[in-house]
Amino acid sequence: MPNFDPSQIPLVSIVFWVMTVFTLGGALGVVTSRNLFHAALYLILSFFGVTGYYVLLSAGFLAMVQLMVYAGAIAILILFAIMFSRRPMAHESQANQQWWLSLLLALALFVVLVVVVGAVNWPVSDAAPAADTVTQLGVALLGSYLIPFEVVAVLLSVAMIGAIFLAREKTEAEE
Amino acid sequence: MPSDYVPILIYLLVATFIAAFALVLPHYLGPRRPNPAKSDTIESGKLSYGDARRRVPVQYYIVAMVFILFDIEVLFFYPWAVLFWDLKWYGLVQIAIFAFLLVESYIYIWKKGAFKWK
């Protein structure tokens, strides 16, 4: 190849396509895997791919949310739910009698998305992407939005106590 | 800026390479002379019993719930950690209040016996 210059490689495009392979490949694995446990693992790959999109969009905090909450916590919860409800390594068909209903719904959703994406005139801003969004978010959260920030902790507290109240078996003394 | 993440990209590539390397290389280089004792499950010298692939007690759900809540809490530490040096004591006090609000409910559910294994 004449005049090959490594700095000319469009790194952003390469990362974008690799992440697209992760996202769509993972999603495909979720729906085609015969093993429900493997499907959940493919879901983590798909979530990870979406993290890359957020990084490319300069949304550092959202990338972190995607990685920690979706690829971390939600995926773990799904894996737990599978292990609670069935033998994890059982190979069974993922289709049941309602497969045609979900096919119909998935097709309808697909049509709606295609129509919306085609119909909306997506505006493109000339402004440069905001630098260091995490710092700005930190200034906002610990500055003007300090009270909502602390209320988040209260909300998480309520969620924790609520979950334990619902899930815990009653002790003999309470019955 | 996405270019700030290039070190993470390099880190991911190196980590993936090392993981693949450590799995593939022994597979081709290592000698394999299996016998029943070698093929058996090993867990710190204890003899294995039963099937590991069975249903997990639903009680473990509490651990999963608490994990998710603390996961979200750590997420809110992120913008604070970026500003750590600029905020000085003010930031430390605010995040301490934030953490305390969760830790006290953690202590509450602990005292309630949520983590007692039956």
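Can you give the FRET efficiency to the nearest 0.05 for A:VAL117 and B:SER3, using r as the Cβ-Cβ distance and R₀ = 25 Å?
Calculated transfer efficiency: 0.30.
Per residue of A:57-63, what is the mean number of Cβ atoms on other protein chains within 10 angstrom of that residue's Cβ?
3
With labels modelled as points extended 7 Å from the Cα through the Cβ direction, what inter-label distance (nm, one decimal) is found for B:ARG53 paired with A:ALA106?
Modelled inter-label distance: 2.4 nm.
So what is the calculated 222 nm ellipticity per residue for chain B, using -39500 (n - 2.57) for each DSSP H run with n of 4 or more, over all residues, to the nearest 500 deg cm²/dmol?
Only helices count here, giving -22500 deg cm²/dmol.
Tell me, what HN-Hα J-couplings in whole Hz come from the Karplus equation 6.51 cos²θ - 1.76 cosθ + 1.60 at θ = phi - 60° for each residue of region B:98-105, using x for Gly and Pro?
Taking θ as phi minus 60°, the curve returns 4, 5, 4, 4, 8, 5, 5, 6 Hz for region B:98-105.
Tabulate in residue order the Karplus-calculated ³J(HN,Hα) for region A:60-72, using 6.51 cos²θ - 1.76 cosθ + 1.60 with θ = phi - 60°, rounded to whole Hz; enter x for Gly and Pro.
Calculated HN-Hα couplings, in order: x, 5, 5, 4, 5, 4, 4, 5, 7, 7, 7, 5, x Hz.
A:GLN97 versus A:LEU57, label points 7 Å from Cα toward the beta carbon: distance in nm?
For the pair A:GLN97/A:LEU57, the computed spacing is 4.1 nm.
Apply 1/(1 + (r/R0)^6) to the Cβ-Cβ distance of B:VAL93 and A:VAL69, taking R0 = 22 Å, and write down the FRET efficiency to the nearest 0.05. Could the numbers behind the result be given before it?
On the way: r = 26 Å, r/R0 = 1.20.
After rounding, the FRET efficiency stands at 0.25.
When N counts the residues of region A:1-87, how does its alpha-carbon radius of gyration compare numerically with 2.2 N^0.38 Å, as a ratio?
Details: Rg = 16.3 Å, N = 87, 2.2 N^0.38 = 12.0 Å.
Normalised Cα radius of gyration, region A:1-87: 1.36.
Determine ³J(HN,Hα), in whole Hz, for all residues of region B:42-49 in sequence, where each value follows from phi through the Karplus function 6.51 cos²θ - 1.76 cosθ + 1.60 and θ = phi - 60°; x replaces Gly and Pro.
Rounded to whole hertz, the list is 10, 9, 6, x, 7, 6, 7, 9.
Percent of Cα-Cα pairs per 10 Å bin, from 0 to the last occupied bin, for region B:1-94, please list those.
11, 15, 24, 26, 17, 6, 1
Using the basic label-point model (7 angstrom from Cα toward the beta carbon), what is the A:ALA130 to A:ALA167 distance in nanometres?
3.4 nm
Test of understanding: what is the full-extension gain from A:LEU155 to A:LEU24, defined as 0.36 nm times their sequence separation minus their Cα-Cα distance?
Separation in residues times 0.36 nm, less the Cα-Cα distance, equals 43.7 nm.
Rule-based calculations on the coordinates, nothing more; no lab input. Just so it is clear, the model here is predicted, and its values are computed rather than measured. For neighbour counting, all protein chains shown are included, and Cβ atoms are generated from backbone atoms with ideal geometry for every residue, glycine included.
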